[in-house]
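What follows is a short report on a single structure.
The values are calculated or read from the model by the stated rules, or taken from the named source; none is laboratory data. Since the model is a prediction, treat every value here as computed from it, not as a measurement. No Cβ is skipped: glycine too gets one built from the backbone with ideal geometry, and neighbour counts run over all protein chains shown. Please note that ligands, DNA and RNA were not included when accessible areas were found on the heavy atoms of the full protein model with its side chains. Shrake-Rupley method; radii C 1.70, N 1.55, O 1.52, S 1.80 Å.
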Amino acid sequence: MCIRRYKITGWSMTPSLREGARVLASTIFRLRLADVVVCRHPVTGRETIKRIVRQHEDRYYVEGDNLSMSTDSRQFGPVTEQDIVAKVLLQYRPRFRVYL
Amino acid sequence: MNKLFKTRTAEAHCDIPCGVYENNTIKHAAETVFKMATKMHDLEHPGANASKEEKVAYHNTLSRYVIVKEEYAHICKEQLLILWTDYFKPEHLDQVPDLHDKVWKATKLCSKVKREGTVESATNLKNAVKEIADIFEQVEGSTATYEY
């Protein structure tokens, strides 16, 4: 499936994406500056959401929008296109449900 | 639909367990808070008959002291909590059984010094922070894990 749903945990992307926000992301993408992407964390290997702020050849520098609460390329360096697993397309609100 | 589009988690954290801990920041922050409280206390009020410029200068200076005090009291609290939650381990409690109480009281003092801004509360904070910094050194076995 080329479209994935993600739930955001943590505060490094505020105010654009708050804790608990839901987004749709595509695994087929063409990367541009300022794109919000889901990439593999080079240290932990977990899927992390950041914004592309700089590109140098095939390396992408990613940072959180909330710099004071983000661990990103400033610490772990640039990521390659192979590390980027999806590009965020849009944010959506989950349907409100009532459980009885 | 939910099964088809399983929701994954994308982390937006800043919690790499880097293992770098030190006690300089809390000491520096507590010292700054103390200095600001002292300066606030020593600042002469211009009096009711002072000129407008003197009153503005007084309020400007006082506001600057308060801003720095608030900022460093918050830094102190944050750094104390980082040491408490990330650095100190259960085995440290064997060496310092009342560690939780000491850290809890020190963080409370950070809030108190924000609220009151008195030299007395700033002195208490400085002493409490010194105590925790000493505990850190005791369990760490060195003055700091890295040098500036």
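For the protein assembly as shown, a Kirkwood hydrodynamic radius built from all Cα pairs, placed in the Stokes-Einstein relation at 25 °C and 0.890 mPa s, yields a translational diffusion coefficient of 114 µm²/s.
May I ask you to give the percent of accessible area on segment A:3-98 that is carbon plus sulfur, with a probe radius of 1.4 Å?
49
Once the other residues with Cβ under 12 Å from the Cβ of B:E120 are scored (Lys, Arg +1; Asp, Glu -1), what is the net sum?
Local net charge: +1.
Interface of A with B. Using a 1.4 Å probe and counting protein heavy atoms only, the two chains hide about 1800 Å² of accessible surface, both sides summed.
Over chain A, DSSP H runs of length four or greater, each weighted -39,500 (n - 2.57), average out per residue to a 222 nm ellipticity of -500 deg cm²/dmol.
Among B:K108/B:K130; A:K7/B:K89; B:K27/B:K55, which pairs are too far apart, with a Cα-Cα distance over 22 Å?
Working: B:K108/B:K130 15 Å; A:K7/B:K89 31 Å; B:K27/B:K55 34 Å.
Table pairs above 22 Å Cα-Cα are A:K7/B:K89; B:K27/B:K55.
Only helical runs count toward this figure. For chain B, summing -39,500 (n - 2.57) over DSSP H runs of n ≥ 4 and dividing by all residues gives -22000 deg cm²/dmol at 222 nm.
Compactness of segment B:22-140 is given as radius of gyration and Dmax, 17.1, 62 Å, from Cα positions.
Here the scattering of segment A:3-98 is modelled by Debye summation over its C-alpha atoms, one equal scatterer each and no solvent; at q = 0.13, 0.19 Å⁻¹ the log10 of I(q)/I(0) is -0.40, -0.85.
Might you tell me the accessible area per residue for chain A, computed with a 1.4 Å probe and given in Å²? Provide the component values of the computation, followed by the final result.
Values: 6060 Å² over 100 residues.
For chain A, the per-residue accessible area is 61 Å².
Take segment B:1-114 with all the other protein chains still there, run a 1.4 Å probe, and you get 63 Å² of accessible area per residue.
Each Lys and Arg Cβ is given +1 and each Asp and Glu Cβ -1; about its Cα centre, the protein assembly as shown then shows a dipole of about 1780 debye.
For the pair segment B:21-39 / segment A:10-64, the C-alpha centres are spaced 36 Å from each other.
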